[in-house]
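Here the structure is laid out as structure tokens; the discussion comes afterwards.
The values are calculated or read from the model by the stated rules, or taken from the named source; none is laboratory data. Nothing here was measured: the structure is a model prediction, and the numbers come from that model. Every residue, glycine as well, gets a Cβ built from its backbone with ideal geometry; the counts of neighbours run over all protein chains shown. Heavy atoms of the whole protein, side chains included, go into the accessibility calculation; ligands, DNA and RNA do not. Shrake-Rupley method; radii C 1.70, N 1.55, O 1.52, S 1.80 Å.
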Amino acid sequence: MTPCGWAMALVALGVCRASAAPAPAPDFSGVWMHSPGTAIRSGAAHKSAGEAAKGVVGGTGEFRRALSYTLDDRPVPLQPWAAAIVKQYSDAAAANKPLADPVTLCLPSGTPIFLTQPYPYQIVQTPKQITIISEANQEIRFIYMNQGHPANLKPAPFGNSVGHWEDGTLVVDTIGQTDKTLFATVGVPHTKALHVVERFRLSKDGNQLEDLITIDDPGTFTNSWQTLWRLNRRPDVRLLEYICADGDQDQNEMTHGPTTRP
Amino acid sequence: MRMTASTNCLDCRRRDLIGSRGALRWLAVGMAALLPASAWAGSNSRDLNGVWSVTDYNPAYIPADGTPIPFTPAGRKAYQDALQQIKQGSLTDISKTRCISEGIPRILAAPYPIDIQQGQDGKVTVFIFELAHVPQIIYMNQTQPDGDNLNDAYVGNSIGSWSGDTLTVDTVGMRKSWVDDTGLPHDGDLHVIEHLRKINGGLELENLITIEDPGMFTKPWTARRVYQYRANVKIMYYLCGEKNRDISAVPGVKGAMQ
């Protein structure tokens, strides 16, 4: 074969490879919400309906524990200083004098606790950016696609999130958070070194969005650990305006089952 | 020798592409490589994705055609009273004192960046205002919910549609708040229609903001703001009462602060 022939073959190969490109990224656009009982699961066994697992989070009170149990249903592996802070919170709660947490004070929640609220989330997807708007306190997360973290990252409440697709799974890497947010509202702290990797994927029918979260912060936890949350697609729900200081919205839907909303 | 053969072959390939739709695609790729990203994105008149911010800050909305605001007598009195009360201190700007979100249309003039994201499913376009991290969710190609189902919100309820190169955003159902930073009030029937269109080769976005409120104004009137495309700006976290983005370089801000 002449060199030109070889080159033609290479061009042809290029065409073949192009046609075997990975499937288009799934579309997460829409409104998503946890629902009672099936909302946030940290229990590996995924207990049957009605069976209370510490990590299965449904009602409001349980939501607040969302990040205090791991995927295998164990308390998160805290370093002693972090355990002492959690104890302060639990002692105060037991004495009926609960300590305020940032979320209650309308302060930013942080990543990944952002995604544990019993309020709807709107995902706005474009090839370059995936934006998640949380109704709760109008918090917004920006996931910048196919790029690295900036150099000289300044700590910010939600950190810096970058994402890419791996065979239909959205992998989001977050660093650069402040240490001012609590990791869980039961008082779990974290350091500025907190590293969160989320793997989002759709269920086969497209109606559930699963987020497998790996948490790594050696200053706070003795080892990295995982938790898993599921959100349900809610085409019937539109986000409402949420003005934290106004005490705008009740949580009836989460504690008493779905209600019809405009 | 091999060079020559390869070159010939590439020529063959180029000939193959020219005369097919591939030629246009290669031309597009070539142009995209030559032009800065901002200019290239600007070539699509319906692609508003990205961060924009006002070219100039002005706390007051006034009609862009140079006419005075067409107040009704009650509207004129309401505005005069508001200005007087602000001066006396009996009326405060709750957006500043209590961190309550600025609504539509006021926030459209804020000297902070706006991230516009057009969902790829075509169902929503969102304006994310860095100021107080307010989202305006615009439901595309929908009708407004009937009155009972309107959300009571400072940003109101927004629907949008494209006509040619203009995005029209229609907003109703705003909670009572200020129409602009000077304290211009509105009553319950405020209706705002935005006409957004890229200008200057896509590097700027014009917003013609039509304000209708029969209790306040004898007829609708239109203010104008222009946003500049900010290729290198990302929305920062905004925490009310804390040190946020330094906006002192935005033209008009220093004067307004004095």
List pairs: first residue in the stretch A:217-231 and part of a loop (DSSP other than H, G, I, E, B), second residue at pLDDT below 90 and among the β-branched types (Val, Ile, Thr) anywhere in the structure, Cβ distance under 8 angstrom, at least six positions apart or on different chains. A:Thr220/A:Val188
Would you call B:Ile159 touching a strand residue (DSSP E or B) at 6+ places or on another chain (Cβ under 6 Å) and among the hydrophobic types (A, V, I, L, M, F, W, C)? yes
Go through the stretch B:94-142 residue by residue and tally those that are small (Gly, Ala, Ser), surrounded by fewer than 21 Cβ atoms within 10 Å (Cβ to Cβ) and more than 22 Å from B:Ile159 (Cβ to Cβ). 1
Across (1) closer than 30 Å to A:Gln208 by Cα; (2) assigned to a loop (DSSP other than H, G, I, E, B); (3) touching a helix residue (DSSP H, G or I) at 6+ places or on another chain (Cβ under 9 Å); (4) not β-branched (Val, Ile, Thr), A:Gly110 clears everything bar (3)
Count of residues meeting criterion [surrounded by fewer than 21 Cβ atoms within 10 Å (Cβ to Cβ), in contact with a helix residue (DSSP H, G or I) (Cβ under 9 Å, 6 or more places away or on another chain) and within 19 Å of A:Asp72 (Cα to Cα)] in the stretch A:209-225: 1
When you go through B:Ala64, B:Ala74, B:Ala39, B:Ala78 one by one, which is the residue that is under 28 Å from B:Ile247 (Cα atoms), at pLDDT 95 or above and not charged (D, E, K, R)? B:Ala64
Filter the stretch A:194-208 for residues that are part of a strand (DSSP E or B) and in contact (Cβ under 8 Å) with a residue 40 or more places away in the chain; which is most open to solvent (accessible area, probe 1.4 Å)? A:Arg201
Do we find a residue being free of Cβ contacts under 8 Å to residues at least 12 places away in the same chain, more than 29 Å from B:Arg98 (Cα to Cα) and surrounded by fewer than 17 Cβ atoms within 10 Å (Cβ to Cβ) anywhere in the stretch A:151-165? yes
Check the stretch B:174-184 and report whether any residue there is under 25 Å from A:Tyr121 (Cβ atoms), touching a His at 6+ places or on another chain (Cβ under 9 Å) and within 11 Å of another protein chain (Cβ to nearest Cβ). yes
In the set A:Thr174, A:Thr181, A:Thr191, which member is under 16 Å from A:Pro112 (Cβ atoms) and not in a loop (DSSP other than H, G, I, E, B)? A:Thr174
Just to verify a result, which residue in the stretch B:107-128, among those that are under 9 Å from the mean Cα position of the chain (by Cα) and of a type outside the set (Val, Ile, Thr), is nearest to the other protein chains (Cβ to nearest Cβ)? B:Asp115
Options B:Asp47, B:Asp65, B:Asp56; residue that is touching a Pro at 6+ places or on another chain (Cβ under 6 Å), charged (D, E, K, R), open to solvent by 30 Å² or more (accessible area, probe 1.4 Å) and assigned to a loop (DSSP other than H, G, I, E, B): B:Asp56
Taking B:Asn151 and the conditions (1) open to solvent by less than 40 Å² (accessible area, probe 1.4 Å); (2) assigned to a strand (DSSP E or B), which numbered condition does it fall short on, given that it satisfies the others? (2)
